[in-house]
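**Q** This is the structure, below, for whatever I ask next.
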Amino acid sequence: MIKKQIVVGLLGFGNVGTGTYQALEMNREAIKEQSGLDISIGKILVRDPQKDRSISIPPGVLTDDAGSILNDPTIDIVVELLGGLHPAGELMLQAMNNGKHVVTANKAALAANFKALEKAAIDNGVQLRYEASVAGGIPILNAIRTALCSNQILEIKGILNGTTNYMLTQMTDHGLAYDDVLKTAQEKGFAEADPTDDVEGYDVANKLSILIALAFGTIVSPKDIPTKGISGITKEFIGEAKSRNNKIKLIATARNNGAGLEYRVEPEEIPFHHPLAGVNNEFNAIFIEGNAVGELMFYGRGAGPLPTGSAVLGDIIDIGKTIVPGRV
Ligand code: HSE
């Protein structure tokens, strides 16, 4: 098999960046064997290249200069894992304008700039991939794009945030306090840099906006999705729900009701026997109903460095397979 060398530039080396790096270290040889792709991380943008890190990176790879990645002709794919809106959105546009393929896990920047980013990919003849932006390691976007594309999607309903699902599970099953479980979720690498995005439901609204774009072909800004988070959920609410044989879960819904699309993000009481009630800790789950396929459920880890890194790496490999072997 012809070996293709694919060079990746990472923008950001936080939880998802290190997860992606580790997933590649774990599986590099197997990936080479199965796909013929020899993937290497050429450069990594960080704030402070001198900082002590748990992973040892070869000399010369860390840089604090984004331009040295975006303008490097040897870099094929730019992977944006900075999080937040700025400069992530601008850097992705610049990368595509420079002829680089882009992979991102950044749901906030993607949802806020969906049309502009998709347009830049088309205009520049490059690929923009973002599987890791929704539900971590679950390949839900791939499924919607490929196997389910023959369907009209009728409904999407799911648990799309690992941090809040972890928190609600720990509060429900072990009676732990809100602040303590939030801290643990941060330590485990589930939470956003600013966990307000998780607990107030904004992270889920970003993910639902992306799902709506792919599943229903409609652009709905996250700001226009009625959104309520879990910051008002107390032990008392959880206890009352339990007494009714229900669990509280943060649920995202988008449904074609025949007259139009309804969508919302809010905590809901889910009966114990409902499959979503059995989705615990950082796991996510998504129900989809298509008019031909019927009901489907996807389940897996929605947050955490390695599961999210797995999705990022999947996108890198997929793009790599389409790059004509130029540097054998
Ligand atoms: N903070 C996000 C979550 C990370 O907890 O789901 C994965 O998108």
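**Q** Which residues, taken from segment 184-200, are over 15 Å from the mean Cα position of the chain (by Cα), over 21 Å from L306 (Cβ atoms) and at pLDDT 95 or above?
**A** Scanning segment 184-200 gives T196, V199, E200.
**Q** Follow-up question, since we're still on this one. Out of all the residues in segment 271-310, which are away from the ligand (no atom under 16 Å from the Cβ), open to solvent by less than 30 Å² (accessible area, probe 1.4 Å) and under 24 Å from P222 (Cα atoms)?
**A** Of everything in segment 271-310, those that are away from the ligand (no atom under 16 Å from the Cβ), open to solvent by less than 30 Å² (accessible area, probe 1.4 Å) and under 24 Å from P222 (Cα atoms) turn out to be I288, G290.
**Q** What number of residues within segment 127-170 are assigned to a loop (DSSP other than H, G, I, E, B), within 23 Å of K183 (Cα to Cα) and of a type in the set (V, I, T)?
**A** Summing the residues that are assigned to a loop (DSSP other than H, G, I, E, B), within 23 Å of K183 (Cα to Cα) and of a type in the set (V, I, T) in segment 127-170 gives 1.
**Q** Right, next: Among the residues of segment 115-134, count how many are touching a residue at least 40 places away in the same chain (Cβ under 8 Å) and either closer than 19 Å to V8 by Cβ or surrounded by 19 or more Cβ atoms within 10 Å (Cβ to Cβ) (or both).
**A** Qualifying residue count for the region: 7.
**Q** For the condition in the same structural domain as V16 (by TED's automatic domain parsing) and either aromatic (F, W, Y) or closer than 30 Å to G17 by Cα (or both), what is the one hit in L214, L313, L208, L276?
**A** Matching residue, one of L214, L313, L208, L276: L313.
**Q** Related question: Could you check segment 222-235 and list, in sequence order, the residues that are closer than 22 Å to P195 by Cβ and either away from the ligand (no atom under 16 Å from the Cβ) or buried (at least 19 other Cβ atoms within 10 Å of the Cβ) (or both)?
**A** P222, K223, I225, P226, T227, K228, G229, I230, G232, I233, T234, K235, listed by residue number.
**Q** I would also like to ask the following. When you go through (1) within 10 Å of the ligand (Cβ to nearest atom); (2) outside the structural domain of A23 (by TED's automatic domain parsing) one by one for Q152, which number turns out not to apply?
**A** Q152 satisfies every listed condition except (1).
**Q** To continue, here is another question. Within segment 192-211, take every residue that is among the aliphatic types (A, V, I, L, M) and in contact with a strand residue (DSSP E or B) (Cβ under 7 Å, 6 or more places away or on another chain) and give me the one that is nearest to the ligand (Cβ to nearest atom).
**A** If we take residues in segment 192-211 being among the aliphatic types (A, V, I, L, M) and in contact with a strand residue (DSSP E or B) (Cβ under 7 Å, 6 or more places away or on another chain), then V204 is nearest to the ligand (Cβ to nearest atom).
**Q** Is it the case that some residue within segment 166-179 is surrounded by fewer than 22 Cβ atoms within 10 Å (Cβ to Cβ), without any contact (Cβ under 8 Å) to a residue 40 or more places away in the chain and near the ligand (Cβ under 10 Å from one of its atoms)?
**A** Scanning segment 166-179, I find no residue that is surrounded by fewer than 22 Cβ atoms within 10 Å (Cβ to Cβ), without any contact (Cβ under 8 Å) to a residue 40 or more places away in the chain and near the ligand (Cβ under 10 Å from one of its atoms), so the answer is no.
**Q** Please go through segment 48-66 and give me each residue that is surrounded by 10 or more Cβ atoms within 10 Å (Cβ to Cβ) and over 22 Å from Q127 (Cβ atoms), ordered by number.
**A** Listed by number, the residues that qualify are P49, R53, I55, I57, V61, L62, T63, D64, D65.
**Q** Counting residues that are closer than 19 Å to I317 by Cβ, which helices (runs of 4 or more DSSP H) fully inside segment 13-107 reach at least 3?
**A** Answer list for segment 13-107: 15-35.
**Q** Is it the case that some residue within segment 256-268 is modelled with pLDDT of 95 or more, over 23 Å from I144 (Cα atoms), open to solvent by 50 Å² or more (accessible area, probe 1.4 Å) and not hydroxyl-bearing (S, T, Y)?
**A** Yes; the residues of segment 256-268 include at least one that is modelled with pLDDT of 95 or more, over 23 Å from I144 (Cα atoms), open to solvent by 50 Å² or more (accessible area, probe 1.4 Å) and not hydroxyl-bearing (S, T, Y).
**Q** Please find, within segment 104-121, the residue that is nearest to the ligand (Cβ to nearest atom) out of those that are farther than 22 Å from F287 by Cα and either in contact with a strand residue (DSSP E or B) (Cβ under 9 Å, 6 or more places away or on another chain) or of a type in the set (D, E) (or both).
**A** So, considering only residues that are farther than 22 Å from F287 by Cα and either in contact with a strand residue (DSSP E or B) (Cβ under 9 Å, 6 or more places away or on another chain) or of a type in the set (D, E) (or both), the one nearest to the ligand (Cβ to nearest atom) is N106.
The values are calculated or read from the model by the stated rules, or taken from the named source; none is laboratory data. Please read all numbers here as calculations on a predicted model, not as lab measurements. Note that we place each Cβ from the backbone using ideal geometry, even for glycine, and neighbour counts take in every protein chain shown. The area values use the complete protein model at the heavy-atom level, side chains included, leaving out ligands, DNA and RNA. Shrake-Rupley method; radii C 1.70, N 1.55, O 1.52, S 1.80 Å.
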